[in-house]
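Notes to accompany the following structure.
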Amino acid sequence: MVQFPEQFRWGTGTYSYQVEGAAHEDGRGESIWDRFCATPGTIVNNESGLVACDHYHRYAEDIALLKQLGVQMYHFSIAWPRIMPTGRGPVNQLGLDFYDRLVDALLEAGIEPFATLYHWDLPQALQDELGGWANRETAYAFAEYVDVVTKHFGSRIHNWLTLNEPAVTAFEGHEIGIHAPGARDVRLAWQTTHHFLLAHGLAVPIIRANGDEKTRVGITLNFTQLDPVSDTPEDVAATRFMDGKMHRWFLDPIFRGAYPADVVKHLGDYVPKTETGDAEIIARPLDFLGANYYTRSVIKHDPTAFSEYPSVDVEGVEHTEMDWEVYPRGIYNMLTRLHREYAVPRIYLVENGAAFADAVNPDDTVDDPRRIAYLREHLLQVHTAIAEGVPLAGYSVWALLDNFEWSEGYRMRFGIVYVDYPTQKRIMKASGHWYQKVIASNTVH
Ligand SMILES: N=[N+]=NCCCCNC(=O)[C@@H]1[C@H]2[C@H](O)[C@@H](O)[C@H](O)[C@@H](CO)[C@@H]12
């Protein structure tokens, strides 16, 4: 049994496009994910976030679940297309009104809102007019949106995350093409990474200016344990590059003020175009780093590869429904590395969780022992990291609800609460009841 620190905060989360639904309601504009999902063949079963978990209408019921869990914080994202339907200019009051209802209900429930300003749902109009994140202008449009939102919520929301996982939306959305907007252009993908980081840096002073003495700003980056399939120089170099691409390309400009030299060298003339002053904007000091961890990837050299090296499947070890290896030690490695190499002032573990094939029993219960085991093993590693001095202030399980898992649609269930989509009925899974006890006792058995 391990005891977590007195002030340690427990949470969970959802994100706008994955749970809200109400895609055409109350003035919401089209997002690139609406457009992507409308393209046949992009999403399993051609599913979309049009309805999702109907959280837009059921948020009060979902906040009651948060209260039942006893969480102290709740991660959610604000949908840019609800606030500025065309991405710039006119503000949609009904969009602000929804998040007013959500935030006020959270505060009423004594739950700290942790708001992410961008979780991949770019207004489609900016994709059409500017080319989306390929265009530097989109970073400035993001800054305008951030100004509107933080002016409105700055006295009630004190914990802000600018972007969620820019690496994933940059590369899966613009290089691999399995995420919106579905581009497959290596040069463009790397250029978007710079515009995401610029958008982040532009947002930081705006959030502070529109906040108060309690305002804290961060960004959420995703981390995967990366190991070479062998200790040959080629496999080791391929792994080092992928660590650069997925981790250091974002950590270094934010916390060290420059892109990692080894990656810049590798990219050659594929390196993103930047402007004088960008580095200083991107490196503006943060109050905390949000970190997501799920799994390990074992990397193999490939002589034909340039920007993406393949991973190999590890036999004989547990995998989740996403075919992600269960590798708890990786969360310890990630946390201690951030502390050792980047001296991050404070860290929140924003997402950690697993998709398993959950099913409802005849008595309306859901047994998910594998998720309980996954969470327990990762939390024990988290505790070890904290005991070694990592400034981890809180942990949030992904996710509160089963939800729209991007290109996988609804077949992947990450929730500690089961969602029966045809009826929208919520059922707390065994892992939810287990997490409730963890929070109440602040211990993991
Ligand atoms: N091999 N392998 N790779 C593991 C790499 C994981 C990268 N994907 C994420 O972290 C996404 C993050 C997202 O915020 C959320 O919106 C998604 O629902 C979860 C679950 O997918 C995670």
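Can R346 be described as away from the ligand (no atom under 11 Å from the Cβ) and within 15 Å of Q225 (Cβ to Cβ)?
Details: away from the ligand (no atom under 11 Å from the Cβ): yes; within 15 Å of Q225 (Cβ to Cβ): no.
No, not satisfied.
Suppose the filter is surrounded by 17 or more Cβ atoms within 10 Å (Cβ to Cβ), farther than 16 Å from A115 by Cα, touching a residue at least 12 places away in the same chain (Cβ under 8 Å) and within 16 Å of the ligand (Cβ to nearest atom); does I43 pass it?
In short, yes.
Determine which single condition A115 fails, assuming it passes every other condition in (1) within 28 Å of G11 (Cβ to Cβ); (2) touching a residue at least 60 places away in the same chain (Cβ under 8 Å).
(2)
Given the conditions (1) assigned to a helix (DSSP H, G or I); (2) farther than 20 Å from A22 by Cβ; (3) in contact with a His (Cβ under 7 Å, 6 or more places away or on another chain), which single one is not true for L96?
Unmet for L96, out of (1) assigned to a helix (DSSP H, G or I); (2) farther than 20 Å from A22 by Cβ; (3) in contact with a His (Cβ under 7 Å, 6 or more places away or on another chain): (2).
How many of the residues making up segment 110-146 are more than 16 Å from the ligand (Cβ to nearest atom), more than 20 Å from R216 (Cβ to Cβ) and not in a helix (DSSP H, G or I)?
3
Could you go through segment 178-186 and let me know if any residue there is under 29 Å from Q72 (Cα atoms) and assigned to a helix (DSSP H, G or I).
Initially, segment 178-186 is screened for residues under 29 Å from Q72 (Cα atoms), giving none.
There is no residue in segment 178-186 that is under 29 Å from Q72 (Cα atoms) and assigned to a helix (DSSP H, G or I).
Just wondering, is there one or more residues in segment 46-53 that are charged (D, E, K, R) and either crowded, with 24+ Cβ neighbours inside 10 Å or in a loop (DSSP other than H, G, I, E, B) (or both)?
Yes, the conditions are met somewhere in segment 46-53.
Going through segment 154-188 one residue at a time, which ones are within 14 Å of the ligand (Cβ to nearest atom) and touching a Pro at 6+ places or on another chain (Cβ under 8 Å)?
Passing the criteria: only G173.
Go through (1) more than 25 Å from R346 (Cβ to Cβ); (2) more than 14 Å from the ligand (Cβ to nearest atom); (3) in contact with a Lys or Arg (Cβ under 7 Å, 6 or more places away or on another chain) one by one and return the number of the condition D402 breaks.
(2)
Tell me which residues, restricted to segment 262-274, are over 14 Å from A199 (Cβ atoms) and touching a residue at least 40 places away in the same chain (Cβ under 8 Å).
First, the residues of segment 262-274 that are over 14 Å from A199 (Cβ atoms): 262-271, 273.
Once the filter is applied, which keeps residues that are over 14 Å from A199 (Cβ atoms) and touching a residue at least 40 places away in the same chain (Cβ under 8 Å), segment 262-274 yields L267, Y270, V271, K273.
Since A373 meets every condition but one in (1) under 30 Å from R35 (Cα atoms); (2) among the hydrophobic types (A, V, I, L, M, F, W, C); (3) in a helix (DSSP H, G or I), which condition does it not meet?
Unmet condition: (1).
Any idea which residue in segment 314-343 is farthest from E234 (Cα to Cα), counting only those that are away from the ligand (no atom under 11 Å from the Cβ) and small (G, A, S)?
My answer is A343.
So, R82, is that one within 23 Å of the chain's Cα centre (by Cα), under 20 Å from T169 (Cα atoms), more than 16 Å from the ligand (Cβ to nearest atom) and surrounded by 19 or more Cβ atoms within 10 Å (Cβ to Cβ) or not?
yes
Looking at segment 351-360, is at least one residue part of a helix (DSSP H, G or I) and aromatic (F, W, Y)? Explain how you work it out, then say what you get.
So the first thing to find is which residues in segment 351-360 are part of a helix (DSSP H, G or I), and the list is none.
There is no residue in segment 351-360 that is part of a helix (DSSP H, G or I) and aromatic (F, W, Y).
Confirm whether L202 is outside any helix (DSSP H, G or I) and out of contact with any Asp or Glu (no Cβ under 9 Å at 6 or more places or on another chain).
So L202 does not fit the description; no.
Applying the selection to segment 303-342, what residues are acidic (D, E), surrounded by fewer than 16 Cβ atoms within 10 Å (Cβ to Cβ) and closer than 26 Å to Y410 by Cα?
D313, E318, D323
Quick test of your reading of the structure: N352 fulfils all but one of (1) modelled with pLDDT under 95; (2) within 16 Å of the ligand (Cβ to nearest atom). Name the failing condition by number.
(1)
Out of (1) more than 11 Å from the ligand (Cβ to nearest atom); (2) assigned to a loop (DSSP other than H, G, I, E, B); (3) in contact (Cβ under 8 Å) with a residue 60 or more places away in the chain, the odd one out for R426 is which?
(2)
The values are calculated or read from the model by the stated rules, or taken from the named source; none is laboratory data. Please read all numbers here as calculations on a predicted model, not as lab measurements. Reconstructed Cβ throughout: ideal geometry from the backbone, glycine too, with neighbour counts over all protein chains shown.
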